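Notes for the one structure printed next.
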Amino acid sequence: MASVNSKLIILSEQLEGQKIHELSEQMYNIGRIEERSVCIPDTTVSTTHCELVRNEEGSYRVVDLGSSNGTRINGALITGQTLNHGDMLQVGGIEILYHSDDEDGGTGQTAATGINLEDTAGGLQIQDLGNVDPFKKGNRKSNSKIVKIVLTATFSILGLIVLLSLGKLILKMF
């Protein structure tokens, strides 16, 4: 087996720079809970999301383990695929850069956040995040709070407009 130094670098804003995982073991389990080899505490990551398995060349193969929000490499939904240097691995909504000493196989060009590094016009390319759904059953309580806040703010503003209009009418009368 060839010796290739590899690591995972978490790029997503909420976890950016907090975690760099040096890869040296034969297999890693990636998931949301601390019992996993690579723990990513994010609600878009399944409890047991995917695994990395080292192959004979020394690079790693990613295998999705039936996760809720899927596993992607360079934006493409996968069930199993070998990682190349520079690939963007997306676990749920979390982006992870795969870096290895074996830089010859690199294909990664675009981050799944939609920032196209090759785009000279400076525009954004928004990619579909598939089944990442912020309105799942577990979020209903927080969604109802948001709806209440928005409705309260809307009616408060409408009430102020009515009061100002009435104030102007009263001033015109006198």
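Output the residue which, of all residues in the range 73-83 that are assigned to a strand (DSSP E or B) and open to solvent by 30 Å² or more (accessible area, probe 1.4 Å), is farthest from residue 30 (Cα to Cα).
Among them, the one singled out is 76.
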Matching option when the condition is among the aliphatic types (A, V, I, L, M), closer than 15 Å to residue 8 by Cβ and under 19 Å from the mean Cα position of the chain (by Cα), among 65, 89, 77:
89
Pick from the range 84-113, criterion modelled with pLDDT of 90 or more and open to solvent by 40 Å² or more (accessible area, probe 1.4 Å), ranking: nearest to residue 7 (Cα to Cα)
99
Looking at the range 20-68, which of the residues that are touching a Phe, Trp or Tyr at 6+ places or on another chain (Cβ under 6 Å) and assigned to a strand (DSSP E or B) is nearest to residue 94 (Cα to Cα)?
38
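Quick check on the range 30-60: of everything there that is of a type in the set (S, T, N, Q) and under 16 Å from residue 19 (Cβ atoms), which residue is surrounded by the most Cβ atoms within 10 Å (Cβ to Cβ)?
My answer is 44.
Does residue 68 qualify as being open to solvent by less than 30 Å² (accessible area, probe 1.4 Å), of a type in the set (Gly, Ala, Ser) and modelled with pLDDT under 95? Spell out the reasoning first.
Numbers: open to solvent by less than 30 Å² (accessible area, probe 1.4 Å): no; of a type in the set (Gly, Ala, Ser): yes; modelled with pLDDT under 95: yes.
When the stated conditions are applied, residue 68 does not pass them.
The values are calculated or read from the model by the stated rules, or taken from the named source; none is laboratory data. Not measured: the values here are computed from a predicted model. Virtual Cβ from ideal backbone geometry, glycine too; neighbours counted across all protein chains shown. Only protein heavy atoms, including side chains, enter the accessible area calculation; ligands, DNA and RNA are left aside. Shrake-Rupley method; radii C 1.70, N 1.55, O 1.52, S 1.80 Å.
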